[in-house]
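Asks: The structure is given below, and queries will be raised subsequently.
The values are calculated or read from the model by the stated rules, or taken from the named source; none is laboratory data. What you are looking at is a predicted structure, and each value in this text was computed from that prediction instead of being measured. Methodologically, a virtual Cβ is constructed for each residue, glycine included, from the backbone with ideal geometry; neighbour enumeration extends over all protein chains shown.
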Ligand code: GDP
């Protein structure tokens, strides 16, 4: 808070995409506020949230965009992707269908975002009991490798791996732009 624009060396736009209810809003809230919001749709209508951090002695403002529910109407616009240096494609490890749709999200990203956009695949809700799991971590890791994506499972609920996933993405963007 209270950051002056003048102190910022870089602004990194990162977009979060994936099917409805995979936990995009919660992941974003976890990273920017270190909170899990009980009222999950509290951020509807908000386009992005920011967090400023230091990477390699540079002040980096991460501007993380949320679809704010647009994906339900398949209406994620090219304006949403424009200028994105990074992207997180999120699926829910307990709903196979959301993983099957990842390929479509990756295609959409490739179509709208810049060729050098760094993409991470996130399997969210890793806190759920093993009996609920519908996507094996190995399978997702293999898919990610084929597609040249970073991969991590995470939990917005427990916070597990969320910080690490975002930081890895931001570090990778830093390496591309600096
Ligand atoms: P979005 O539509 O992709 O933005 O998804 P939301 O962030 O609104 O989350 C959808 C639902 O999944 C909500 O009921 C959340 O409370 C729940 N949720 C989100 N992340 C997690 C998680 O890591 N673990 C569990 N168990 N539930 C989660």
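Asks: Taking only the range 131-169 into account, find how many residues are assigned to a loop (DSSP other than H, G, I, E, B), in contact (Cβ under 8 Å) with a residue 60 or more places away in the chain and closer than 24 Å to residue 37 by Cβ.
Replies: So the answer is 4.
Asks: Quick one: residue 112 ticks every box in (1) modelled with pLDDT under 95; (2) touching a helix residue (DSSP H, G or I) at 6+ places or on another chain (Cβ under 7 Å); (3) exposed (fewer than 15 other Cβ atoms within 10 Å of the Cβ) except a single one, so which number is it?
Replies: Against the list (1) modelled with pLDDT under 95; (2) touching a helix residue (DSSP H, G or I) at 6+ places or on another chain (Cβ under 7 Å); (3) exposed (fewer than 15 other Cβ atoms within 10 Å of the Cβ), residue 112 comes up short only on (3).
Asks: Out of 94, 67, report the one residue that is modelled with pLDDT of 95 or more and within 16 Å of the ligand (Cβ to nearest atom).
Replies: 94
Asks: Would you pick out the residues in the range 97-123 that are touching a residue at least 40 places away in the same chain (Cβ under 8 Å), in a helix (DSSP H, G or I) and within 16 Å of residue 80 (Cα to Cα)?
Replies: Once the filter is applied, which keeps residues that are touching a residue at least 40 places away in the same chain (Cβ under 8 Å), in a helix (DSSP H, G or I) and within 16 Å of residue 80 (Cα to Cα), the range 97-123 yields 105, 106, 108, 109.
Asks: Further question on the same structure: Using the structure shown, decide if residue 102 is at pLDDT 95 or above and either more than 16 Å from the ligand (Cβ to nearest atom) or closer than 24 Å to residue 35 by Cα (or both).
Replies: no
Asks: Specify the residue that is farthest from residue 85 (Cα to Cα); the eligible residues are those in the range 5-18 that are in contact (Cβ under 8 Å) with a residue 60 or more places away in the chain and more than 7 Å from the ligand (Cβ to nearest atom).
Replies: By that ranking, first place goes to 17.
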